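The values are calculated or read from the model by the stated rules, or taken from the named source; none is laboratory data. No experiment lies behind these values; they were computed from the predicted model shown. All Cβ positions, glycine included, derive from the backbone under ideal geometry; neighbour counts span all protein chains shown. The area values use the complete protein model at the heavy-atom level, side chains included, leaving out ligands, DNA and RNA. Shrake-Rupley method; radii C 1.70, N 1.55, O 1.52, S 1.80 Å.
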Amino acid sequence: QVQLVETGGGLVQAGGSLRLSCAASGLTFSNYAMGWFRQAPGKEREFVSTSSRDGGTIYYADSVKGRFTISRDNARNTVYLQMNSLKPEDTAVYYCAAAGGGRLGLTKSYPYWGQGTQVTVSS
């Protein structure tokens, strides 16, 4: 079955950096767009970033543009999220997800999800 496993979360001070990884198995990775979403306590899950199948098309939420970078390695079936200049408002559980198509900014376009990794940014 499809498995997406996120790693790399943790506690970091404001202004610091973290790199999240998401290893995929059970699917043909290069056939899927890969996205990152996050969910803070008491809030809805929100779009962070997405990469097309070949990495040639990338989108970011306005809140992370210029600070976060998504990348993927199709040979390693892995997608990454480099997070720089972290802010306390970035604190959330971060999820990676795989989509075969559709509107990639929407959670409903992603049938496959990881279990999430906690990112906590202290002020």
Find the all-direction average of the projected area of the Cα convex hull for the chain, expressing the result in square nanometres with one decimal place. 6.8 nm²
May I ask you to list the lysines whose Cα is less than 22 Å away from that of K65, ignoring any residue fewer than eight positions away on the same chain? K43, K87
Averaged per residue, what accessible area in Å² does the range 21-123 show with a 1.4 Å probe, protein chains only? 49 Å²
Identify the trypsin sites (Lys or Arg not before Pro) of the range 17-123 meeting these criteria: DSSP loop state and at most 15 other C-beta atoms within 10 Å of the C-beta. K43, K65, R67, R76, R103
Accessible carbon and sulfur surface of the chain relative to its total accessible area, %, 1.4 Å: 46 percent
Estimated dipole of the chain in Debye, rounded to 20 [Cβ of Lys and Arg +1, of Asp and Glu -1, Cα centre]: 100 debye
